[in-house]
1. Got at least one residue in the range B:163-181 being in contact with a Lys or Arg (Cβ under 9 Å, 6 or more places away or on another chain), of a type outside the set (Val, Ile, Thr), open to solvent by less than 50 Å² (accessible area, probe 1.4 Å) and facing chain A (nearest Cβ under 10 Å)?
2. Do we find that B:Glu51 is among the acidic types (Asp, Glu), on the phi < 0 side of the Ramachandran plot and surrounded by fewer than 16 Cβ atoms within 10 Å (Cβ to Cβ) in this structure?
3. How many residues does the range A:223-265 hold that are over 20 Å from A:Tyr160 (Cα atoms) and among the acidic types (Asp, Glu)?
4. Criterion first (under 30 Å from the mean Cα position of the chain (by Cα) and within 12 Å of chain B (Cβ to nearest Cβ)) does A:Gly57 satisfy it?
5. Quick one: is B:Ser69 surrounded by fewer than 15 Cβ atoms within 10 Å (Cβ to Cβ) and more than 20 Å from B:Asp197 (Cα to Cα)?
6. How many residues are outside any strand (DSSP E or B) and open to solvent by 10 Å² or more (accessible area, probe 1.4 Å) when one looks only at the range B:223-259?
7. Output yes when any residue across the range B:103-110 is of a type in the set (D, E, K, R), open to solvent by 30 Å² or more (accessible area, probe 1.4 Å) and out of contact with any Gly (no Cβ under 9 Å at 6 or more places or on another chain), and no when none is.
8. State whether one or more residues within the range A:82-92 are within 16 Å of DNA strand C (Cβ to nearest atom), open to solvent by 30 Å² or more (accessible area, probe 1.4 Å), under 27 Å from the mean Cα position of the chain (by Cα) and farther than 30 Å from A:Pro280 by Cβ.
2 protein chains.
Amino acid sequence: MLNPVSRVRRFNRAVTSAVGALDTSFLGRGRPLGAARVLNAIGHGRSDVAEIRDYLGLDSGLMSRLLRSLEDEGLVETTAQADDARRRVAKLTRAGRREFAAYEALSNAQAEGFLAQHSQADALLAAMDLIASALTRERVTLDEMDPQSEEARHCLREYYAELGRRFKQGFDVSLSRDPDAKDMRRPRGTFIVAMSDTLPIGCVGLKGTDHGYAEIKRLWVAPAARGLRLGRRLMDATEAAARELGITLLRLDTNSALPEAGQLYRTTGWSEIPRFNDDPYPDLFFEKRL
Amino acid sequence: MLNPVSRVRRFNRAVTSAVGALDTSFLGRGRPLGAARVLNAIGHGRSDVAEIRDYLGLDSGLMSRLLRSLEDEGLVETTAQADDARRRVAKLTRAGRREFAAYEALSNAQAEGFLAQHSQADALLAAMDLIASALTRERVTLDEMDPQSEEARHCLREYYAELGRRFKQGFDVSLSRDPDAKDMRRPRGTFIVAMSDTLPIGCVGLKGTDHGYAEIKRLWVAPAARGLRLGRRLMDATEAAARELGITLLRLDTNSALPEAGQLYRTTGWSEIPRFNDDPYPDLFFEKRL
DNA sequence: CGAGATATCTGACTAAAGTCAGATATATGC
DNA sequence: GCATATATCTGACTTTAGTCAGATATCTCG
């Protein structure tokens, strides 16, 4: 029972038998699961019928009937899409919004109840993040976002906190050459956030300069998402963006206290070069010609 | 999205949509889920029909039909129970054992496949253990076991390893007064292992002595199971066993590098006493009168 | 404009799971 | 021995989910 395979299977059993209890929010309101799922998909902002069908993996006939039953209940209204009358868009009515709110409340209460049972909620949440990221790894999207968006700022806070923990001397952003947000917006550069579901789990910035090269900054992957090769995906996406922007030379700096980063650069075509700036934190410098 | 409730809900979503993929082992052999579940329950050693029905939460009519379909396939045989001919016991036939083995192989392959996708399997497994323990906390059983059983030895190994990490000077069992296994067997004492499903996640020993008291030794809770108040349950069970054995005075020693242990003793009726042995590791001594 | 593609809907069907009311056989307690 | 309880089985039924083949309306492109 102590080998890895048995441990995974134990987890599967625990989760399978608890999933009913973990997410009973779809139940308990006297509606079959299928209809409840459609209602919740609409509530969560999906309105295009084809999109919902695709998201829930439903047959078009079944989808049509479920939608009809929600209309009969007075919870949903469908109209033809303005620019393509074959497509339909679904919207919650006032009663539908009430019903959706009730599902949300159930779901929240249930998650709170689960957390309340456990005195070490932090460790439990970290474990849940890790597993959720692992399970949804193929659904992680890399989105270009503003470096001052909520998601980007979250990543940067976490990134600085981690540097503080990992550098012997700590880390103080104000001492470092913090890139200006405007250098990480198109067309000078960009900022990419890796999103798992709605949780930001990694980021990287491409910072334009006036020195004939662009810099890669702030590459970070959440602890809960390590081991999914996300660093590599982020770097690939940044390089692609740099090519699009006509950039031909990339540079970056890093620190030997972050060995996994150095390792990543060395195995993906970067070459070590001499120090090219006077930032006090980095002690390793790389460049890559595109 | 970054608050605890949202994180739990993200986990729920991830797991709910992955559960199909997490445990598809019940599928893919051309048998409906219900029948496959019954076959597997029997394969895992449940033979009493009423017990299976209860375990799987099935209606008696449905159970009867599922069992009949497995019999028709030649996978299962049922006979009347020897001492009560109303009850039936189910057993796998040779073909049934083959089929069960195929399910097991599928399940193992699938768990292996999942692990193979992740480079940080250790962290993932630790997270899975933690969550599985949290989800099944109310199903943790405390079983009296031989101190030399596989389960007990696993707990002790983990316990020693943890002391090694937490004591500044490390920990060497041979320097400590390691209790003799025979002092932790009835009627002199006992040894209790906390089992979650089939994984040992905690232990405690009650060691009989000839000095008018018994000692509590080796209280340990797996990191994956902390925060579930398991330490307290283990202590309660040990005290109950001590009372049964006619023991009226308990003593124990511990170390101030394990603050959560000292805290537990202080809040559960133990009083600090002067050193009562010459073991080099402990620096705190407690006693409790039953 | 017309052919073919696309999005949705409708009707007819199946499989699986589950419910419920007895029927049957056996056990238990007086 | 008999009334009552228990374990299982059988038949009749419902609900839910899902499949599939067309019907209908609309769009797109030459």
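1. No, because not a single residue in the range B:163-181 is in contact with a Lys or Arg (Cβ under 9 Å, 6 or more places away or on another chain), of a type outside the set (Val, Ile, Thr), open to solvent by less than 50 Å² (accessible area, probe 1.4 Å) and facing chain A (nearest Cβ under 10 Å).
2. Values: among the acidic types (Asp, Glu): yes; on the phi < 0 side of the Ramachandran plot: yes; surrounded by fewer than 16 Cβ atoms within 10 Å (Cβ to Cβ): yes.
Considered against the rule, which asks whether it is among the acidic types (Asp, Glu), on the phi < 0 side of the Ramachandran plot and surrounded by fewer than 16 Cβ atoms within 10 Å (Cβ to Cβ), B:Glu51 comes out as yes.
3. Result for the range A:223-265: 3.
4. Values: under 30 Å from the mean Cα position of the chain (by Cα): yes; within 12 Å of chain B (Cβ to nearest Cβ): yes.
Yes; evaluated as a whole, the condition is true for this residue.
5. no
6. Here the count works out to 24.
7. Within the range B:103-110 (the criterion being of a type in the set (D, E, K, R), open to solvent by 30 Å² or more (accessible area, probe 1.4 Å) and out of contact with any Gly (no Cβ under 9 Å at 6 or more places or on another chain)), the answer is no, since none of the residues qualifies.
8. Within the range A:82-92, one or more residues are within 16 Å of DNA strand C (Cβ to nearest atom), open to solvent by 30 Å² or more (accessible area, probe 1.4 Å), under 27 Å from the mean Cα position of the chain (by Cα) and farther than 30 Å from A:Pro280 by Cβ.
The values are calculated or read from the model by the stated rules, or taken from the named source; none is laboratory data. Only a predicted model underlies this, so the values are computations on that prediction, with no experimental measurement involved. All Cβ positions, glycine included, derive from the backbone under ideal geometry; neighbour counts span all protein chains shown. With ligands, DNA and RNA removed, areas are computed over all heavy atoms of the protein, side chains included. Shrake-Rupley method; radii C 1.70, N 1.55, O 1.52, S 1.80 Å.
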